[in-house]
Amino acid sequence: MTFTTRLKEEMSKTDDNEMESRCVIEGFLRYNSIINDDITITLENAAVTRFIYKLLKEFFGTQPKITVRIQKRFRVKQIYILEITDKVEYLKNTLNLKKEPILDSDEEKIAFLKGAFLGVGNVSNPKTSGYHLEYILDYKKDALYIEKLLNYFNLNAKVIKRGYKYITYIKMSESISDLIKMFKAINTLFEFEDTRIYRDHKNMVNRLNNCELANQEKTIKSGLQQLEDIEYLEEHDLIPLMDDKLKIVIEYRKKYPDVSYLELSQIISMETDYKVGKSGINHHFIHLRKIKENNLKNKK
């Protein structure tokens, strides 16, 4: 069972009042039905089918005909078809399906978004891919309207065109979490949040590990370069010309070629009378490099 299926099944079990139920049906029928003299709805989720059938029967007094078909394209699955032949004009007028939606309260907007999501919504599995929730719509004006509703709740929605469809989508994990919370799908929300926390923690650990590895590689590379500089100065008998502090740093770099500047400064400060910090170590090696470069220039 996909994450989207689990979310829609839980959404189908929530209790809505009459006003919210009307908006759920309106949002659903606008984007997931064929409206002519009758109304035809095609669904793949049994729980959503039962939910929509229940709302139509209880709040609008209709008696939809249910047809179940087996689809064998790509994979075997059941398709549920609801056909409404009675009270069609009443539904059209009551739900204002021929005009722009009229949604006044926040509850009406959320219920409309819920119905639309049950019909044309999809959300990626947070365990296996990036965070992505979308409404798949046939017309640009519908996509822009859903975008407007989502952004009314500060969910940072955007619209793109994909093939012949228009997609209103949310990418931010916090926004997806907020929308699931609005849908009152608490169990799915906890699953999403648990996965999000785990992934964020894992990504943070990976970033720290990568940073640590990069620092180690940088330290080793610097140490090898400094050993080359020291070897050059020894071959050209330049070490005796240096002051005692630089000689100490050279001696301890040869003993500890892999340690960082901070660790080298701590070792020298503990084992000798020379108290030096990380910046002091860096200064000594810059000076050592300049001595080598000047010697090379003079030779040329």
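The values are calculated or read from the model by the stated rules, or taken from the named source; none is laboratory data. Please read these numbers as outputs of a predicted model, since none were measured by experiment. Glycine gets a Cβ as well: all are built from the backbone with ideal geometry, and neighbour counts include every protein chain shown.
This table checks each residue for (1) crowded, with 21+ Cβ neighbours inside 10 Å; (2) without any contact (Cβ under 8 Å) to a residue 40 or more places away in the chain; (3) more than 22 Å from T188 (Cα to Cα).
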site: M19; (1), (2), (3): no, no, yes
site: V24; (1), (2), (3): yes, no, no
site: G27; (1), (2), (3): yes, no, no
site: N45; (1), (2), (3): no, no, no
site: R50; (1), (2), (3): no, yes, no
site: Y53; (1), (2), (3): no, yes, yes
site: E58; (1), (2), (3): no, yes, yes
site: G61; (1), (2), (3): no, yes, yes
site: R69; (1), (2), (3): no, yes, yes
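State which residue pairs qualify: first residue touching a residue at least 24 places away in the same chain (Cβ under 8 Å) and inside the range 157-169, second residue in a strand (DSSP E or B) and acidic (D, E) in any location, beta carbons under 8 Å apart, and separation of 6 or more residues or different chains. Partner pairs satisfying both residue conditions: I167/E134; T168/E134; Y169/E134. Scanning the range 27-40 for residues that are farther than 20 Å from L7 by Cα and within 32 Å of the chain's Cα centre (by Cα) yields R30, S33.
Within the range 195-251, how many residues are of a type in the set (F, W, Y) and modelled with pLDDT of 80 or more?
To start, the set of residues in the range 195-251 that are of a type in the set (F, W, Y) comprises 198, 232.
Subsequent filtering for residues that are modelled with pLDDT of 80 or more retains none.
Qualifying residue count, the range 195-251: 0.
Restricting attention to the range 269-300, the residues that are over 47 Å from the mean Cα position of the chain (by Cα), in a helix (DSSP H, G or I) and of a type outside the set (K, R) add up to 11. In the range 245-267, the residues that are among the acidic types (D, E) reach residues that are at pLDDT 80 or above with C-beta atoms within less than 8 angstrom, at least six apart or across chains, in these pairs: E263/Y256. Within the range 89-115, being among the acidic types (D, E) and assigned to a helix (DSSP H, G or I) holds for E89, D106, E107, E108.
Across the range 1-17, the qualifying residues are those that are among the hydrophobic types (A, V, I, L, M, F, W, C) and touching a residue at least 12 places away in the same chain (Cβ under 8 Å), and the one among them that is nearest to P64 (Cα to Cα) is M11.
Filtering the range 222-261 to residues that are in a helix (DSSP H, G or I) and among the aromatic types (F, W, Y) leaves Y232, Y252, Y261.
Would the range 109-129 turn up any residue that is assigned by TED's automatic domain parsing to the domain that holds I180 and over 27 Å from the mean Cα position of the chain (by Cα)? The answer is no; no qualifying residue exists.
For the range 78-96, the condition of being out of contact with any Cys (no Cβ under 9 Å at 6 or more places or on another chain), over 23 Å from M11 (Cα atoms), of a type in the set (K, R) and exposed (fewer than 13 other Cβ atoms within 10 Å of the Cβ) holds for none of the residues. Screening L155 with (1) among the aliphatic types (A, V, I, L, M); (2) more than 23 Å from M11 (Cβ to Cβ); (3) assigned by TED's automatic domain parsing to the domain that holds D15 gives one miss only, at (2).
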